[in-house]
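Chemist: Okay, here's the structure, questions in a sec.
The values are calculated or read from the model by the stated rules, or taken from the named source; none is laboratory data. This is a predicted model, so every value here is computed, not measured. Note that we place each Cβ from the backbone using ideal geometry, even for glycine, and neighbour counts take in every protein chain shown.
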Amino acid sequence: MKFDVNGDETVDLQDRSYWVHELKNTWFGDSNLDGVFDSSDFVAVFKAGEYEDGIAMNSTWSTGDWNGDREFDSGDFVFAFKDGGYEQGARPATHAVPEPSSAVLILLAIAGVFRLRK
């Protein structure tokens with residue numbers, strides 16, 4: 001499936017959350033995708049002029065549709081503020097490099113001992 005970005009074989013809100021938080025490393029409400037949700041995002045979406053404009057399904061992420069219903073309305077503000085990123089700065093990096101397990105370290109130590117014996 002083209003838009004199943006989290007790999008669960010369903011296209012839903014979890015895919016949108018994964019795209020925003022993991023792939024773009026940003027917040028809901030960050031309309032310009034600069035990694036920060038702040039007043040500049042509000043200026044951009046209001047400048048686009050689609051807030052409750054009466055034209056059905058004409059909004060996108062950059063014009064204020066943050067909840068995915070293709071409309072820019074008060075529901076998008078609620079959705080974005082519930083995400084908790086307004087004026088919090090850049091979202092912390094979430095991709096940590098895992099530490100090697102103790103089993104791997106033990107195997108490396110055993111291999112080192114055998115190598116020293118030769």
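Chemist: Do we have any residue at all in the stretch 60-74 that's in a helix (DSSP H, G or I), within 29 Å of Lys2 (Cβ to Cβ) and either modelled with pLDDT under 95 or not polar (S, T, N, Q) (or both)?
Modeler: Within the stretch 60-74 (the criterion being in a helix (DSSP H, G or I), within 29 Å of Lys2 (Cβ to Cβ) and either modelled with pLDDT under 95 or not polar (S, T, N, Q) (or both)), the answer is yes, since at least one residue qualifies.
Chemist: Residues that are basic (Lys, Arg), part of a loop (DSSP other than H, G, I, E, B) and touching a residue at least 12 places away in the same chain (Cβ under 8 Å): does the stretch 24-42 have at least one?
Modeler: no
Chemist: Checking Ala80 against (1) in contact (Cβ under 8 Å) with a residue 24 or more places away in the chain; (2) over 18 Å from Ser17 (Cα atoms); (3) not basic (Lys, Arg), which test does it fail?
Modeler: Ala80 satisfies all of (1) in contact (Cβ under 8 Å) with a residue 24 or more places away in the chain; (2) over 18 Å from Ser17 (Cα atoms); (3) not basic (Lys, Arg) except (2).
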